[in-house]
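Below is one structure, written out as structure tokens; comments come after it.
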Amino acid sequence: MADVQVASSEERKKVTLGIDIGSVSSRAYLFSHTASLRMAVWNPSRDQNRMEYPKFEKGDFSSKCYPFDEGLPYLGQTTVPDGERLSTSLKYAPYVLVNCSDDILEQYMTAELLKAHQHDAAFQHKLRVGLLDLFKTIVDRVHAFCRNKMEVTEVVMTVPSQWTLEFEELYATLVSPFFNFGPSNVFFCTETEALANFLLRCCPEELEEFGDYHIYLFLDFGGHNMNGCGFEVRRQSVGNSTFCRINEPFGAGGGSEEWEERVANLCGAHFKTTYEREITPKQRQAYQADFSRVKVRFGPELCTDPTILHIQENGDSMAITIPKHEIDQAWEDAHSRVLALAAANIDKFANIPGACVVLSGGTSRHATIQSRITELCTNAGLPGPFSTDALLYGPYSTVNIAQGAAYAVGQRVTVREFFSRGAAIGIQMKQGGSDNEEGLWDDVARFVMGVGLESEAEIQIVDKGDELQLVCDPYRSQNDGTSDLSYLNCYVLLPLEKIAKGRYKFTCKLEDNTLVLTRWKTVKVKKGNRLITKIDKRYHYPVYFAPGANCVLIGEPGKTLTEAQIKGIRRMG
């Protein structure tokens, strides 16, 4: 028998794997820019077609886990839940496996079941095994797709905006052993960044149908949290555009799954009143599943009837009735945090020419969410909101987040390539004193560095309240020379430390992956009463290209700003 020919690693096509772990289902996508490969990794199980489980779409992998008993913590490819066992979502597992802050933990009522087991080593082991089994189920399908023709050389995973680096480290250490590389080959981008990359790379013409907008505030209302961020698009010609993130991603816990959880708690109270006994975990889950099927009709401003839920037990129908005001209050409690955060960020984009709001996510389809966001947009003078439902198409539409993440990492550039394609650095000023009571930044920033160009930015500090910040214009052209940068085209790299009154100039240059910013100060020399300019301070800022943001940021990937020896600012990206 002839030997089987196996392609060497040099012959196999190198691909990027995008993974999106959702609170209900998980998805994966393979992408290679050089090999022109685009492929959804689908779950072959046919369980998704069953009408009693409408949350799953064709191709989804289940995120459900069973860590509360001695059975298997994860059931593999099937998406049919085991109604006899108490379950939770593997999306919530990191809240126990990572020693996260109370600020993060308190946002997630949906993780309430897990909090009681925070210090239970055996329970944590089951959660870890459940996550590993989910990853293995996905990776086995990936290997089946790749066979001997493709090799996964990097993985990118989506995370909520508010997750810290500890969450990323957990994912990276669990996923990387399935492949031939270490944790450094596992990348991350926020869920909204991944969505934006999919829409802006795959659906630019469809986005243009919303209207003549070039600034998009994306708000992704998922089941267990809301994430958002803003992107600016620069269209050079038809079918030719570039984009970058213009503000720090934001997010908070809350959504339709928390609403379901709160209603399930109400079911327990009403069951005890109706049937004079405690509800069992199985009954509670059955009532919650019944509510999930009909919840679109209920909530504030909707159906005025009470909610009647039914379950079948031993051939008998067991109904409970929950008053409208309790259902509505549960909705408000579940969505108050995410709506407040959405309102604050919509207000920041108020009356900006060319800006609009774009909604996505399952929770965004609820009529009350849509009416509340519409009201916020109207008050802020913004059009919309527009929905991505019509754009997220295809037989495996839920895979689009994983697809966007894979595109972002698979088409990333180096820091030098980012600047060589047309980007510039400038220094923007906010003048203190009574003449600027609104605290507005100047309309322009002084150019210091661009495509093959360096310049001196002269700055005069006249008030102790004057502030400076380093900004980047990613769309700069060589034809613009060293002219000032418009604030409309810039995003903030970092605020600069406050300095004393006086005359200064700044210069900047790129050395490897470091921005070297030099501050010069004009001082008077006693001898001869002359003015001279001398170096006052020199800063070294490490920079990296953030794939999800599609732009250069200050810091180092996989490190906090403190670890990167940058003090006083938050990490962006």
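In a residue-by-residue description of segment 81-96, the property of being of a type in the set (A, V, I, L, M), farther than 27 Å from VAL263 by Cβ and touching a residue at least 60 places away in the same chain (Cβ under 8 Å) applies to no position.
Considered as a group, the residues in segment 485-515 that are of a type in the set (A, V, I, L, M) and either open to solvent by 70 Å² or more (accessible area, probe 1.4 Å) or over 17 Å from GLN428 (Cα atoms) (or both) include one that is nearest to the chain's Cα centre (by Cα), and that residue is LEU488. If you take the residues in segment 293-303 that are open to solvent by 30 Å² or more (accessible area, probe 1.4 Å) and out of contact with any strand residue (DSSP E or B) (no Cβ under 8 Å at 6 or more places or on another chain), which one is modelled with the lowest pLDDT? Per the stated criteria, the residue is CYS303.
Does GLY253 satisfy being of a type in the set (Gly, Ala, Ser) and touching an Asp or Glu at 6+ places or on another chain (Cβ under 6 Å)? Outline the logic, then answer.
On the way: of a type in the set (Gly, Ala, Ser): yes; touching an Asp or Glu at 6+ places or on another chain (Cβ under 6 Å): no.
In short, no.
Looking only at residues in segment 328-354 that are among the hydrophobic types (A, V, I, L, M, F, W, C), touching a strand residue (DSSP E or B) at 6+ places or on another chain (Cβ under 9 Å) and part of a loop (DSSP other than H, G, I, E, B), the one that is most open to solvent (accessible area, probe 1.4 Å) is ILE352. Taking the conditions (1) surrounded by 12 or more Cβ atoms within 10 Å (Cβ to Cβ); (2) farther than 30 Å from PHE68 by Cα in turn, HIS325 satisfies each one other than (1). So the check is Cβ under 9 Å with 6+ separation or different chains; which pairs have a first residue in segment 503-523 that's free of Cβ contacts under 8 Å to residues at least 12 places away in the same chain and over 22 Å from ASP463 (Cβ atoms) and a second one that's outside any strand (DSSP E or B) and of a type outside the set (Phe, Trp, Tyr)? As it stands, the answer is ASP512/VAL415; ASP512/ARG416, since those pairs meet every condition given.
Of everything in segment 438-462 that's part of a loop (DSSP other than H, G, I, E, B) and of a type in the set (Gly, Ala, Ser), which residue is nearest to the chain's Cα centre (by Cα)?
Going through segment 438-462, the residues part of a loop (DSSP other than H, G, I, E, B) turn out to be 438-443, 451-452, 455-456, 462.
This time we only want the ones that are of a type in the set (Gly, Ala, Ser), so: 439, 452, 455.
Details: GLY439: 29, GLY452: 34, SER455: 36 Å.
The selected residue is GLY439.
Looking only at segment 31-43, count how many residues are under 18 Å from ASN400 (Cα atoms) and either modelled with pLDDT under 90 or open to solvent by 50 Å² or more (accessible area, probe 1.4 Å) (or both). First the steps, then the outcome.
Let us first name the residues in segment 31-43 that are under 18 Å from ASN400 (Cα atoms), namely 31-33, 36-43.
Going one step further and asking which of them are either modelled with pLDDT under 90 or open to solvent by 50 Å² or more (accessible area, probe 1.4 Å) (or both), we end up with 33, 36-39, 42-43.
Within segment 31-43, residues that are under 18 Å from ASN400 (Cα atoms) and either modelled with pLDDT under 90 or open to solvent by 50 Å² or more (accessible area, probe 1.4 Å) (or both) number 7.
State yes or no: is LEU517 in contact with a helix residue (DSSP H, G or I) (Cβ under 7 Å, 6 or more places away or on another chain) and in a strand (DSSP E or B)? The answer is no for LEU517.
The rows are residues; the columns are (1) at positive phi; (2) open to solvent by 20 Å² or more (accessible area, probe 1.4 Å); (3) modelled with pLDDT under 90; (4) assigned to a loop (DSSP other than H, G, I, E, B).
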site	(1), (2), (3), (4)
LYS14	no, yes, no, no
LEU17	no, no, no, no
ASP20	no, no, no, no
TYR29	no, no, no, no
PHE56	no, yes, yes, yes
PRO81	no, yes, yes, yes
ILE104	no, no, yes, no
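Restricting attention to segment 474-484, and to residues there that are of a type outside the set (Lys, Arg), free of Cβ contacts under 8 Å to residues at least 60 places away in the same chain and assigned to a loop (DSSP other than H, G, I, E, B), which single residue is surrounded by the fewest Cβ atoms within 10 Å (Cβ to Cβ)? Please lay out each step first, then the result.
The initial filter retains those residues of segment 474-484 that are of a type outside the set (Lys, Arg), namely 474-475, 477-484.
Checking the rest, the ones that are also free of Cβ contacts under 8 Å to residues at least 60 places away in the same chain come to 477-484.
Applying the additional criterion that residues be assigned to a loop (DSSP other than H, G, I, E, B) yields 477, 481-484.
Values: SER477: 11, GLY481: 13, THR482: 17, SER483: 14, ASP484: 16.
Selected residue: SER477.
Just to be sure before I move on: is LEU217 out of contact with any helix residue (DSSP H, G or I) (no Cβ under 6 Å at 6 or more places or on another chain), more than 27 Å from TYR95 (Cβ to Cβ) and modelled with pLDDT under 95 in the structure I sent? It is false that LEU217 is out of contact with any helix residue (DSSP H, G or I) (no Cβ under 6 Å at 6 or more places or on another chain), more than 27 Å from TYR95 (Cβ to Cβ) and modelled with pLDDT under 95. Annotation: of all residues in segment 516-525 being open to solvent by less than 60 Å² (accessible area, probe 1.4 Å) and either touching a Pro at 6+ places or on another chain (Cβ under 8 Å) or not aliphatic (A, V, I, L, M) (or both), the one that is modelled with the lowest pLDDT is THR522.
If only one of VAL263, VAL357 is open to solvent by less than 30 Å² (accessible area, probe 1.4 Å), touching a helix residue (DSSP H, G or I) at 6+ places or on another chain (Cβ under 6 Å), in contact (Cβ under 8 Å) with a residue 12 or more places away in the chain and not in a helix (DSSP H, G or I), which one is it? Steps first, please.
Numbers: VAL263 fails: not in a helix (DSSP H, G or I).
Exactly one of VAL263, VAL357 is open to solvent by less than 30 Å² (accessible area, probe 1.4 Å), touching a helix residue (DSSP H, G or I) at 6+ places or on another chain (Cβ under 6 Å), in contact (Cβ under 8 Å) with a residue 12 or more places away in the chain and not in a helix (DSSP H, G or I), namely VAL357.
Close Cβ contacts (under 8 Å, 6 or more residues apart or on different chains) running from residues in segment 373-386 that are closer than 11 Å to VAL358 by Cα to residues that are open to solvent by less than 60 Å² (accessible area, probe 1.4 Å) and of a type in the set (Ser, Thr, Tyr) comprise ILE373/SER364; PRO383/TYR213; GLY384/THR374; PRO385/THR374. Take the residues in segment 526-553 that are open to solvent by 40 Å² or more (accessible area, probe 1.4 Å) and not basic (Lys, Arg); name whichever of them is farthest from TYR491 (Cα to Cα). Result: GLY528.
The values are calculated or read from the model by the stated rules, or taken from the named source; none is laboratory data. Because the structure is predicted, anything quoted here is derived from the model rather than measured. All Cβ positions, even for glycine, are placed from backbone atoms using ideal geometry, and neighbour counts span all protein chains on display. The accessibility values were calculated without ligands, DNA or RNA, using every heavy atom of the protein model including side chains. Shrake-Rupley method; radii C 1.70, N 1.55, O 1.52, S 1.80 Å.
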